[in-house]
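The values are calculated or read from the model by the stated rules, or taken from the named source; none is laboratory data. None of these values were measured; they are calculated from a predicted model. Here the Cβ positions follow ideal geometry from the backbone for every residue, glycine too, while neighbour counts run over all protein chains shown.
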Amino acid sequence: MQGLHKKQLKQLKALRKKLHQHAEISDHEKMTADIIANWFTPLHPDQIIEKLGGYGLAFVYEGQKSGKTVLLRCELDALPIHETTKVSYQSSTPGVSHSCGHDGHMAILSSLGVLFSQQRPESGRIILLYQPAEETGQGARRILRDKKFRSLKPDLVFALHNLPGYPLGQVLIRKDTFYCASTGIVITLKGRTSHAAHPENGISPGFAVSELISALPRLSLKKELKNIYSLITITHVTIGERSLGIAPGDAVIMAALRAESDADLHMIAKLTEAHVHNTADMHSLQCYISWSETFPATVNHAQACDIIEHSASECGYSLRHLHTPLKVSEDFGEFTARYPGAILGIGSGENHPQLYNPGFDFPDRLIDIGCNMFMNIINKGVQS
């Protein structure tokens with residue numbers, strides 16, 4: 001199958017910019033889904049599935065001969081980040097932008113629809129999945145629970161993500177864990193508020209907050225954790241009121257916990273929770289803990305990684321094997337926990353603004369590279 005023509009690539013860049021301009025946060029991706037649905041209308045997929053796990057979409061193309069079912073996934077959602085780029089297609093949604101490059105990932109997957117509309121796959125069945133709510137870790141779970149998805153039964157699953165800090169177009173892969181597992185903890189401490197002139201009449205969470213800010217990031221030094229990778233990052237703290245006359249009675253601490261495996265993350269979470277409760281008890285505070293935005297480790301399967309490696313070689317792209325997992329998290333691990341598959345990285349440029357940076361904009365040169373990689377992966381996957 002031939003690659004993209006210049007006119008098609010120009011149209012895909014325009015699609016990417018339209019998606020960028022109409023960025024929507026997780027679970028609000030209605031306009032984004034409508035743009036994608038309209039894009040595929042003239043491309044005549046054999047099956048269209050809408051409202052998967054929210055605003056998710058799947059487009060199915062049947063091959064000319066029997067073969068395996070290969071699923072490729074991208075993400076619909078943007079981030080609650082105010083964009084600072086000066087591009088003409090800057091996000092029109094206040095405080096929301098595609099600062100992670102999901103607009104580019106959608107354009108790459110949409111390029112496959114263009115090619116399959118001209119010539120169906122030689123064999124197998126291809127599923128192009130547009131997933132909602134990746135940024136909150138909820139979208140993949142909902143897709144997998146959706147009855148409409150269960151009938152698709154993929155044999156292999158693949159995804160990609162652009163990665164700033166690496167050479168433009170370089171393909172990055174790692175067998176086993178590619179992205180770390182992570183979860184967020186919200187700690188609410190309650191004491192008793194009093195006048196600042198009489199702090200002895202209250203119960204301040206101040207000392208406990210100070211101790212936890214210092215101690216939590218150092219929990220990885222405990223002997224139970226010394227042989228595993230772990231990271232605890234304090235992300236937010238509030239205490240009391242914005243006043244000079246009130247001694248605080250309440251505080252909230254938020255932190256992100258990360259580990260290479262789900263089992264390690266569970267161990268870190270238990271140690272963290274125990275330490276927080278002990279600290280609260282020492283200072284006569286009530287303590288409430290909640291967990292959110294939990295992402296499993298994204299574990300790549302050896303067979304799928306081999307397909308990616310051979311595809312990069314055939315496409316003539318530089319290939320880099322990562323020695324350690326990436327610290328960030330991705331809910332594609334929900335898919336690889338159920339089906340053989342892998343996620344790959346594609347370098348966005350060594351000096352490109354990092355993901356979640358307000359000045360980030362997806363490099364359009366990756367559209368063609370991503371398309372070529374996915375087409376090669378499909379051709380190998382359906383015959384594996």
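The residues of region 337-354 that are touching a strand residue (DSSP E or B) at 6+ places or on another chain (Cβ under 8 Å) and either part of a loop (DSSP other than H, G, I, E, B) or not assigned by TED's automatic domain parsing to the domain that holds Thr69 (or both), listed by number, are Ala337, Tyr339, Pro340, Ser348.
One line per residue, one yes/no per condition, for (1) more than 17 Å from the chain's Cα centre (by Cα); (2) in a loop (DSSP other than H, G, I, E, B):
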{"site": "Ile126", "(1), (2)": "yes, no"}
{"site": "Glu134", "(1), (2)": "no, yes"}
{"site": "Gly137", "(1), (2)": "no, yes"}
{"site": "Ile143", "(1), (2)": "no, no"}
{"site": "Lys148", "(1), (2)": "yes, no"}
{"site": "Lys153", "(1), (2)": "yes, yes"}
{"site": "Leu168", "(1), (2)": "yes, yes"}
{"site": "Thr183", "(1), (2)": "no, no"}
{"site": "Ile187", "(1), (2)": "yes, no"}
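Does region 296-315 contain at least one residue that is farther than 23 Å from Asp176 by Cβ and either loosely packed, with under 14 Cβ neighbours inside 10 Å or more than 16 Å from the chain's Cα centre (by Cα) (or both)? Yes, region 296-315 contains at least one residue that is farther than 23 Å from Asp176 by Cβ and either loosely packed, with under 14 Cβ neighbours inside 10 Å or more than 16 Å from the chain's Cα centre (by Cα) (or both). If you take the residues of region 234-257 that are in contact with a helix residue (DSSP H, G or I) (Cβ under 7 Å, 6 or more places away or on another chain) and within 19 Å of Tyr179 (Cα to Cα), which of them is surrounded by the most Cβ atoms within 10 Å (Cβ to Cβ)? Residue satisfying both the conditions and the ranking: Leu257.
Please determine whether any residue of region 351-364 is in contact with a Phe, Trp or Tyr (Cβ under 8 Å, 6 or more places away or on another chain), surrounded by 17 or more Cβ atoms within 10 Å (Cβ to Cβ) and over 30 Å from Thr294 (Cβ atoms). For region 351-364, residues in contact with a Phe, Trp or Tyr (Cβ under 8 Å, 6 or more places away or on another chain), surrounded by 17 or more Cβ atoms within 10 Å (Cβ to Cβ) and over 30 Å from Thr294 (Cβ atoms): absent.
Does region 190-202 contain any residue that is touching a helix residue (DSSP H, G or I) at 6+ places or on another chain (Cβ under 8 Å), assigned to a loop (DSSP other than H, G, I, E, B) and either over 30 Å from Thr298 (Cβ atoms) or of a type in the set (Phe, Trp, Tyr) (or both)? No, that holds for no residue.
Residue-by-condition table, conditions (1) more than 18 Å from Ile36 (Cα to Cα); (2) aliphatic (A, V, I, L, M); (3) outside the structural domain of Thr41 (by TED's automatic domain parsing); (4) touching a Gly at 6+ places or on another chain (Cβ under 8 Å):
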{"site": "Ile81", "(1), (2), (3), (4)": "yes, yes, no, yes"}
{"site": "Thr85", "(1), (2), (3), (4)": "yes, no, no, yes"}
{"site": "Gly95", "(1), (2), (3), (4)": "yes, no, no, no"}
{"site": "His105", "(1), (2), (3), (4)": "no, no, no, yes"}
{"site": "Phe116", "(1), (2), (3), (4)": "no, no, no, no"}
{"site": "Glu134", "(1), (2), (3), (4)": "no, no, no, no"}
{"site": "Ile143", "(1), (2), (3), (4)": "no, yes, no, yes"}
{"site": "Lys153", "(1), (2), (3), (4)": "yes, no, no, no"}
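State yes or no: is Ile173 outside the structural domain of Ile308 (by TED's automatic domain parsing), touching a residue at least 24 places away in the same chain (Cβ under 8 Å) and of a type in the set (Val, Ile, Thr)? No; evaluated as a whole, the condition is false for this residue. When Ala58, Ala33, Ala37, Ala23 are checked against the criterion of being aliphatic (A, V, I, L, M), in contact with a Ser or Thr (Cβ under 6 Å, 6 or more places away or on another chain) and under 24 Å from Asp331 (Cβ atoms), Ala23 stands alone in meeting it. Would you check if Thr177 is in contact with a strand residue (DSSP E or B) (Cβ under 8 Å, 6 or more places away or on another chain), of a type in the set (Val, Ile, Thr) and part of a loop (DSSP other than H, G, I, E, B)? No.
Just one of the numbered conditions (1) within 26 Å of Thr294 (Cβ to Cβ); (2) surrounded by 20 or more Cβ atoms within 10 Å (Cβ to Cβ); (3) of a type in the set (Asp, Glu) is not true of Glu83: (1).
Restrict the check to region 77-94 and report whether at least one residue is among the aromatic types (Phe, Trp, Tyr) and closer than 21 Å to Asn372 by Cα. So far as region 77-94 goes, no, none of its residues is among the aromatic types (Phe, Trp, Tyr) and closer than 21 Å to Asn372 by Cα.
Among all positions in region 219-231, there is at least one residue which is surrounded by fewer than 17 Cβ atoms within 10 Å (Cβ to Cβ) and polar (S, T, N, Q). Selection of region 192-209 for residues being surrounded by 12 or more Cβ atoms within 10 Å (Cβ to Cβ) and free of Cβ contacts under 8 Å to residues at least 40 places away in the same chain yields an empty set.
Quick one: in region 20-64, of everything that is polar (S, T, N, Q) and in contact with a Phe, Trp or Tyr (Cβ under 9 Å, 6 or more places away or on another chain), which residue is surrounded by the fewest Cβ atoms within 10 Å (Cβ to Cβ)?
Gln47
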